[in-house]
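Here is the structure we will look at, set down as structure tokens.
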Amino acid sequence: MIVENPEGCTVLDVNRALAELIPFDDQHLEFALSHYQELAFTSGLSLPQFADLIARERGFLDDHEYPFLQHIVAHL
């Protein structure tokens, strides 16, 4: 998967791309979960802490949500 944004790729861009993958099947869900786990690991936070931290970022229009991230964390 490639996520591109001419102005710089953000966590919001990555989340939007991953959210598009998750509904397909369990393999895509596992891919998204492993990506979030890797991001959490490099941040030094637990996955629930990381989810809480990035879920506060709601984008320029203050309208972005992370339903799949919250779903993943709830089912760990």
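Screening residue 23 on (1) surrounded by 15 or more Cβ atoms within 10 Å (Cβ to Cβ); (2) modelled with pLDDT under 75; (3) within 17 Å of residue 74 (Cα to Cα) shows it passes everything except condition (1).
In region 33-51, the residue that is modelled with the highest pLDDT out of those that are more than 13 Å from residue 11 (Cβ to Cβ) and part of a helix (DSSP H, G or I) is 41.
Taking residues in region 9-30 that are closer than 14 Å to residue 55 by Cβ, and partners anywhere that are modelled with pLDDT of 70 or more and in a helix (DSSP H, G or I), the pairs with Cβ atoms closer than 6 Å and at least 6 places apart or on different chains are 11/54; 18/32.
The values are calculated or read from the model by the stated rules, or taken from the named source; none is laboratory data. The shown structure was predicted, so the numbers you read here are calculated from the model rather than taken from an experiment. Neighbour counts are summed over all protein chains in view; Cβ atoms, including those assigned to glycine, are modelled from backbone coordinates with ideal geometry.
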